Amino acid sequence: MIYRIASLADWQQAQRTGFFASADLAAEGFIHASDRTQVLETARRYYTGHPDLVLLEIDEERLTEAGVRLEREWVAARQQAFAHVFGPIPVAAVIRQWDFRPAAAGAFTLPADL
């Protein structure tokens, strides 16, 4: 599984169109995603102060079946490989979702059932 932190507005748009796409797909040619162990640091670095977020759990096999290319690429700034999805993500590949907001102190935590 891979994970995407998304704005609620982008996720609601995906519900209408059947595909999740975000600004990074248009700007960079791929959608940034994380492995489970990378989610919290990604949230801390890039999503602090952003309201109305959701965390999407995406099944890699469903992406492959839909013909959507996924590659793990090295990101020097983080010294890790990250999942990059080269195309819109079919809603059918998203198997779970959670509201994803920081606690009162501002720190994110993973959903209890993840």
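Descriptive notes on the structure:
- Computed [θ] at 222 nm, deg cm²/dmol, the chain (DSSP H ≥ 4; -39,500 (n - 2.57); rounded to nearest 500): -7000 deg cm²/dmol
- Under the Debye formula (equal points on every Cα, no solvent term), log10 I(q)/I(0) of region 1-67 at q = 0.29 Å⁻¹: -1.50
- Between the beta carbons of THR48 and GLN12, assuming R0 = 30 Å, the FRET efficiency works out to 0.85 to the nearest 0.05.
Bear in mind these aren't lab numbers, they're just calculated from the coordinates by the rules spelled out. In this text the structure is predicted, and so the values were computed from the model without any measurement. Backbone-built Cβ (ideal geometry, glycine too); neighbour counts: all protein chains shown.
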